[in-house]
1. Ignoring any ligand, DNA or RNA, what whole percent of the accessible area of the chain comes from carbon and sulfur when the probe is 1.4 angstrom?
2. Helix 211-223 against the longest principal axis of the chain: what's the angle in degrees, Cα atoms only, rounded to the nearest 10?
3. To one decimal place, what orientation-averaged projected area in nm² is obtained for the convex hull of the Cα set of the stretch 32-204?
4. If you put +1 on each Lys and Arg Cβ and -1 on each Asp and Glu Cβ, how big is the dipole of the chain around its Cα centre, in Debye rounded to 20?
5. Where does the chain land at 222 nm, in deg cm²/dmol rounded to the nearest 500, when only DSSP H runs of n ≥ 4 count, each adding -39500 (n - 2.57), divided by all residues?
6. Give me the one-decimal nm value for the distance between modelled label points at H47 and V203, 7 Å along each residue's Cα-to-Cβ direction.
7. Set Lys and Arg Cβ to +1 and Asp and Glu Cβ to -1, take the dipole of the stretch 32-204 about its Cα centre, and tell me which of V88, L169, L114 lies farthest positive.
8. Counting only Cα, what are the radius of gyration and maximum Cα-Cα distance Dmax of the stretch 142-294, in Å?
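The values are calculated or read from the model by the stated rules, or taken from the named source; none is laboratory data. Since the model is a prediction, treat every value here as computed from it, not as a measurement. No Cβ is skipped: glycine too gets one built from the backbone with ideal geometry, and neighbour counts run over all protein chains shown. The area values use the complete protein model at the heavy-atom level, side chains included, leaving out ligands, DNA and RNA. Shrake-Rupley method; radii C 1.70, N 1.55, O 1.52, S 1.80 Å.
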Amino acid sequence: MNHLSEVASQILNTSNEERIAHILKHKWIGYPSAQRILDQLEDLLLHPKQSRMPNLLITGETNNGKTLLIERFRQLHPADPNLDGVAVRIPVLYVQSPPSPDERGLYNNILALLFRSLKASESTDQKRQRVITILQQVNLGVIVIDEIQHLLAGPSLKQRNFLNVIKYLGNELNVPIVGVGTADAIRALQVDPQVQNRFMPAVLPKWELNTDLARLLASFEKIIPLRNPSMLTEKEIATKLLYMSGGTIGELSQLLNRAAIWAIRNNKEKIDMLALDKCGYVRPADRKSAVSRI
Ligand SMILES: Nc1ncnc2c1ncn2[C@@H]1O[C@H](COP(=O)(O)OP(=O)(O)OP(=O)(O)O)[C@@H](O)[C@H]1O
Ligand SMILES: [Mg+2]
């Protein structure tokens, strides 16, 4: 089966249910804009420690691969635990922004990640100090704060305070900060020009009909275990995939998975126009109207 990768060819010999379970598992596909950002992240890890470290702001549409990209970066740089399981080196500290710009919430998230107690009685100042002390001991590489647009979900005084916290963490620890979020994240950082200046923008753009998309579709085709070639790179089907998905990698992946599962269950063994139409996928653009009809 030369339209398939070795792993996908082997999966062909398993039951339909096993094949479907395999299709639904997350798989990383490399693509140029992700690789460019991974290279930038590598550079940040190598950057000598100094005051005013460079920061990065990764933005892109929702469901367009931002969190998975960071996941990939973390897999490339796992934490080193020592014998009692406590990390001695954390190259990439990944934390989600609390749902609102809340300093205590951020520290709680960091402490929970490091398996430290949360101590309800502790003041915010004490928490801040404890976080800094712990992080100074773990040979930190970079701090990644995902969903940073949550900063916007609060009164402006709280937003500014939270931005000061980000600045403070970077300065005290001399590590680069990587913010990750939707386009709203750009607005969130604009609140403080001093913070905004320190963040280099990096964008994961939506997909368009070009050779990058063709390569991505070819990669999907290789890892989806179907017996017949689907020829996803042909213009007609690629155009339909782009139109239906709205151009994010998450939607593309969901659409292809659904169509593949339909093709397995209906003995078609390839993704074609019929599978795309019949698989029950609703375009993101049509989801709102589907809900309003209930
Ligand atoms: N490199 C990749 N290879 C294969 N599939 C991917 C890749 N990146 C993303 N995906 C698919 O897209 C989905 C959404 O990705 P992800 O969760 O990273 O989006 P996001 O940009 O963080 O979205 P949000 O802003 O909503 O958090 C993933 O669950 C996965 O199915
Ligand atoms: Mg995400």
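1. Details: 7910 of 15190 Å².
For the chain, the apolar C and S fraction of the accessible surface comes to 52 percent.
2. Approximately 70 degrees, to the nearest 10.
3. Details: hull surface 38.6 nm².
Quarter of the Cα hull surface area: 9.7 nm².
4. Values: 36 positive and 29 negative charges, 85 e Å.
The dipole of the chain has a size of about 400 debye.
5. Working: 14 runs with 152 residues, N = 294.
Roughly -15500 deg cm²/dmol at 222 nm, from the helical runs in the chain.
6. Distance between label points: 2.1 nm.
7. Going by the charge dipole, the pick is L169.
8. Computed over the Cα atoms of the stretch 142-294, radius of gyration and Dmax are 21.0, 60 Å.
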